[in-house]
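*Asks:* Sharing a structure below in structure tokens format, with a few things to ask.
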Amino acid sequence: MLNIVLLAINAKYVHSSLSVWVIAEGICFYSKYLHNINVVESTINQKITEAVDSVAEYTPDIIGISSYIWNAGMMPELLELLRKRMPGVMIVLGGPEASNNTDYWLSGGADHVLRGEGEYVFPKFLDEYISKNSDRKPDNPDYIADYGLKCNVLNPYTEEYFKSLNTKLAYIETSRGCPFQCAFCLSAGAGVRFFPLDTVKDQIELLSQSNTKTIKFVDRTFNCNFERACDIFDFVINLDTACTFHFEVAGDLFDDRMLSILKEAPPGRIQFEIGLQSFFEPALHAVSRKSDINKAEKNISALLKMQNIHIHIDLIAGLPYETLDDFMTGFDRAYGLGAHHLQLGFLKLLHGSVLRNKAKDFGIQFSSQPPYEFISSSWLSADDVRILKHTENALQHTYNKNRFLSALQYVLTATGLRPFSLMYSLGLSIPNHGTQLEDYAVLIYEFLLSLPGVEKHALQDYMTYDWLTMVKGKNAPSFMKNNDPRRNLLFESAEKILGRKPKREEYTILNSGSGIFVESTERNPVTGLYRVYICE
């Protein structure tokens, strides 16, 4: 019997790992021998020594580690410390980062790199290890098992899993692979295997009754199988649960029937992440991204009109042939859709991706360190990227955090500025790197007020409204405060409607003369904003 520790290094504390639990079940199910298996989950924000200490408690013979771009940067130090703490231990790496860059990791501290589907490869590897006697290692350090495709669907959701999960975000896999060929993605061209629907539903229901708040489907394009997607959407909509279900979907693969099913979802039950990537057709064609962008845009608008589903859309900067002007045009178009979250991401040149291998053909420069982010290309200079970085900063700290939404819309209307120009100017003038929200609000107010066409009292009113919708229990910045004598009457009205005495920071009189107060115990389950009342 071997002592095995499966180590996951997650990006955030609120994340959990699915892969290590699936592999643990795979070892139990497929290995010929009995093993003592322990799962350790850590994060990139913890001290590396803490992860080493947690692993060492189990005195392992073998340590298996899942490698991804978010934890690859700390992996060399981690491997070194594991070696020093446990000199005789065997270190086995898997996951996309190691399996697509095997020589680097085998020369950097790993004994073996496993390639393929871990729940099948790892037990095969262990069987070979034991069959050659426990003092010998498998002959080939770059290990690819000929395991074939299994028909069994493993159940990683054990009692130990739920103890570890607590309230963290839970993951579920209902299919594997992707039907599309996007050159920047490691799933390109893998084809799709769908897991048995009855088993999937059992696992969904099991997770929905746990104490997690969000269940995220890791399927690369969840709605690529129309009938199956409709079935599962209908299933989660009708579950008796408070969980939110997060899906990555293609925006152009919805139709009227699917939309009619989704219209029945309780508010906040479903979230969609929709990768538009670009509105510039030559860029999409260059990376083999097949998408009917006009249909996707139409479907996103239809979903948003329902007001019951949180919509997250993505753009990628750095795709071939797309200049700064092209990207700005696409950004404005995406912003105009009014999604709840608009991610401005930068191209990552991942090991094993088609685009990384063709980077020189497009003049693409990228970082040699994880996450291998785009630096420049023949169409987007380093100076252009700096402009995009300023824009991303403002977008992340305002729009994507539900901050000052109505004020931003007012300013766009009053000034005639395009969304990209406003976000870029805001990010350039007020770079936010840990600024307190009250101070940030003052800086935003002063910047927006300096723009031509912006009226002071109107801006104050919009920002006051926004402040009440987005924060709880914080006094408003000084420029939003007033001592209007009508506050006493507003207090009485608010008390009647709320059924409680409102706190001082929960109500005020606007410059327009209207009273405004917030129900700070009631948030919109889709937007996350607090409910605000306006009394004329």
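The values are calculated or read from the model by the stated rules, or taken from the named source; none is laboratory data. Keep in mind it's a predicted model, so treat the numbers as computed, not measured. Cβ atoms come from the backbone with ideal geometry, glycine included; neighbour counts cover every protein chain shown.
*Asks:* With respect to the numbered conditions (1) assigned to a helix (DSSP H, G or I); (2) farther than 21 Å from His340 by Cα, which one is the sole condition not fulfilled by Leu451?
*Replies:* Going through (1) assigned to a helix (DSSP H, G or I); (2) farther than 21 Å from His340 by Cα one by one, Leu451 breaks only (1).
*Asks:* Read through the list (1) modelled with pLDDT of 95 or more; (2) in a loop (DSSP other than H, G, I, E, B); (3) of a type in the set (Lys, Arg), then give the number of the only condition that Arg136 fails.
*Replies:* Arg136 satisfies every listed condition except (1).
*Asks:* Could you figure out which of (1) free of Cβ contacts under 8 Å to residues at least 24 places away in the same chain; (2) closer than 29 Å to Ser164 by Cβ isn't true of Lys305?
*Replies:* Just one mismatch for Lys305, condition (2).
*Asks:* Being assigned to a helix (DSSP H, G or I), surrounded by fewer than 18 Cβ atoms within 10 Å (Cβ to Cβ) and not hydroxyl-bearing (Ser, Thr, Tyr) is the filter here; which residues of the stretch 259-285 pass it? Steps first, answer last, please.
*Replies:* Going through the stretch 259-285, the residues assigned to a helix (DSSP H, G or I) turn out to be 259-262, 281-285.
Those left that are additionally surrounded by fewer than 18 Cβ atoms within 10 Å (Cβ to Cβ): 259-261, 281-282, 285.
Those that are assigned to a helix (DSSP H, G or I), surrounded by fewer than 18 Cβ atoms within 10 Å (Cβ to Cβ) and not hydroxyl-bearing (Ser, Thr, Tyr): Leu259, Ile261, Glu281, Pro282, His285.
*Asks:* Would you pick out the residues in the stretch 45-67 that are in contact (Cβ under 8 Å) with a residue 40 or more places away in the chain and outside any helix (DSSP H, G or I)?
*Replies:* Tyr58, Thr59, Pro60, Asp61, Ile62, Ile63, Gly64, Ile65, Ser66, listed by residue number.
*Asks:* Determine whether the stretch 467-482 contains at least one residue that is among the small types (Gly, Ala, Ser), modelled with pLDDT of 95 or more and buried (at least 16 other Cβ atoms within 10 Å of the Cβ). Talk me through it step by step, then tell me what you get.
*Replies:* First, pick out the residues of the stretch 467-482 that are among the small types (Gly, Ala, Ser): 473, 476, 478.
In the following step, the residues that additionally are modelled with pLDDT of 95 or more were identified as none.
Within the stretch 467-482 (the criterion being among the small types (Gly, Ala, Ser), modelled with pLDDT of 95 or more and buried (at least 16 other Cβ atoms within 10 Å of the Cβ)), the answer is no, since none of the residues qualifies.
*Asks:* Here are the criteria: (1) closer than 25 Å to Cys182 by Cα; (2) at pLDDT 95 or above. Tell me which single one Lys290 does not satisfy.
*Replies:* (2)
*Asks:* For the stretch 312-327, which positions are crowded, with 23+ Cβ neighbours inside 10 Å and on the phi > 0 side of the Ramachandran plot?
*Replies:* Gly318
*Asks:* Checking the conditions here, which among Asn475, Asn483 is farther than 28 Å from Pro525 by Cα, assigned to a loop (DSSP other than H, G, I, E, B) and out of contact with any strand residue (DSSP E or B) (no Cβ under 8 Å at 6 or more places or on another chain)? Don't jump to the end; show me each part of the working.
*Replies:* Details: Asn475 fails: farther than 28 Å from Pro525 by Cα.
Testing whether each residue is farther than 28 Å from Pro525 by Cα, assigned to a loop (DSSP other than H, G, I, E, B) and out of contact with any strand residue (DSSP E or B) (no Cβ under 8 Å at 6 or more places or on another chain) leaves just Asn483.
*Asks:* Also, I was wondering about something else. Only one of Gly338, Gly330, Gly345 is at positive phi and either small (Gly, Ala, Ser) or surrounded by fewer than 21 Cβ atoms within 10 Å (Cβ to Cβ) (or both). Can you tell me which? I'd like the intermediate steps shown before the answer.
*Replies:* Numbers: Gly330 fails: at positive phi; Gly345 fails: at positive phi.
Testing whether each residue is at positive phi and either small (Gly, Ala, Ser) or surrounded by fewer than 21 Cβ atoms within 10 Å (Cβ to Cβ) (or both) leaves just Gly338.
*Asks:* Just a yes or no: is a residue in the stretch 435-452 more than 17 Å from Tyr399 (Cα to Cα) and of a type in the set (Ser, Thr, Tyr)?
*Replies:* yes
*Asks:* Filter the stretch 156-186 for residues that are among the small types (Gly, Ala, Ser) and in contact with a Gly (Cβ under 6 Å, 6 or more places away or on another chain) and give the result. Full working, then the answer.
*Replies:* In the first step, residues of the stretch 156-186 are kept if they are among the small types (Gly, Ala, Ser); the result is 164, 170, 175, 177, 183.
Selection gives Gly177 alone.
*Asks:* Just wondering, is there one or more residues in the stretch 471-483 that are in contact with a Ser or Thr (Cβ under 6 Å, 6 or more places away or on another chain) and of a type in the set (D, E, K, R)? Outline the logic, then answer.
*Replies:* Residues of the stretch 471-483 that are in contact with a Ser or Thr (Cβ under 6 Å, 6 or more places away or on another chain), as a first pass: 472, 480.
Imposing the further condition that a residue be of a type in the set (D, E, K, R) reduces the set to 472.
Among the residues of the stretch 471-483, at least one is in contact with a Ser or Thr (Cβ under 6 Å, 6 or more places away or on another chain) and of a type in the set (D, E, K, R), which makes the answer yes.
*Asks:* With respect to Leu149, determine if the residue is at pLDDT below 95, buried (at least 18 other Cβ atoms within 10 Å of the Cβ) and assigned to a loop (DSSP other than H, G, I, E, B).
*Replies:* Values: at pLDDT below 95: yes; buried (at least 18 other Cβ atoms within 10 Å of the Cβ): no; assigned to a loop (DSSP other than H, G, I, E, B): yes.
Here the answer is no, as Leu149 does not meet what is asked.
*Asks:* When the residues of the stretch 375-427 are narrowed to those that are farther than 19 Å from Thr329 by Cβ and touching a Leu at 6+ places or on another chain (Cβ under 6 Å), which ends up surrounded by the most Cβ atoms within 10 Å (Cβ to Cβ)?
*Replies:* The qualifying residue surrounded by the most Cβ atoms within 10 Å (Cβ to Cβ) is Val411.
*Asks:* Continuing with the same structure: Tell me yes or no: at least one residue of the stretch 63-72 is touching a His at 6+ places or on another chain (Cβ under 6 Å), surrounded by 18 or more Cβ atoms within 10 Å (Cβ to Cβ) and under 22 Å from Leu154 (Cβ atoms).
*Replies:* No; the residues of the stretch 63-72 include none that is touching a His at 6+ places or on another chain (Cβ under 6 Å), surrounded by 18 or more Cβ atoms within 10 Å (Cβ to Cβ) and under 22 Å from Leu154 (Cβ atoms).
*Asks:* Which residue, of Leu405, Leu324, Leu388, Leu350, is in contact (Cβ under 8 Å) with a residue 60 or more places away in the chain and closer than 24 Å to Tyr104 by Cβ?
*Replies:* Details: Leu405 fails: closer than 24 Å to Tyr104 by Cβ; Leu324 fails: closer than 24 Å to Tyr104 by Cβ; Leu388 fails: closer than 24 Å to Tyr104 by Cβ.
Answer to the check: Leu350.
*Asks:* Can you pull out the residues in the stretch 32-44 that are part of a loop (DSSP other than H, G, I, E, B) and more than 19 Å from Val92 (Cβ to Cβ)? Explain how you work it out, then say what you get.
*Replies:* First, the residues of the stretch 32-44 that are part of a loop (DSSP other than H, G, I, E, B): 32-35, 44.
The answer is Ile44, and nothing else.
*Asks:* Among (1) touching a helix residue (DSSP H, G or I) at 6+ places or on another chain (Cβ under 9 Å); (2) in a helix (DSSP H, G or I), there is one condition Asp240 misses while meeting the rest; what is its number?
*Replies:* Only one criterion is unmet by Asp240, namely (2).
*Asks:* Also: If you go through the stretch 18-44 one residue at a time, how many are in contact (Cβ under 8 Å) with a residue 60 or more places away in the chain, small (Gly, Ala, Ser) and within 18 Å of Glu97 (Cβ to Cβ)?
*Replies:* Filtering the stretch 18-44 down to residues in contact (Cβ under 8 Å) with a residue 60 or more places away in the chain leaves 18-19, 21-27, 29-33, 35, 39, 41.
Add one more test, that the residue is small (Gly, Ala, Ser), and what stays is 19, 24, 26, 31.
Next cut, within 18 Å of Glu97 (Cβ to Cβ) only: 19.
Selection size over the stretch 18-44: 1.
*Asks:* In the stretch 175-194, is there at least one residue being within 25 Å of Val40 (Cα to Cα), touching a residue at least 12 places away in the same chain (Cβ under 8 Å) and in contact with a strand residue (DSSP E or B) (Cβ under 6 Å, 6 or more places away or on another chain)?
*Replies:* Taking the stretch 175-194 as the starting set, the residues that turn out to be within 25 Å of Val40 (Cα to Cα) are 176.
Now narrow it down to the ones that are touching a residue at least 12 places away in the same chain (Cβ under 8 Å): 176.
From what is left, the residues that are in contact with a strand residue (DSSP E or B) (Cβ under 6 Å, 6 or more places away or on another chain) are 176.
Yes: one or more hits.
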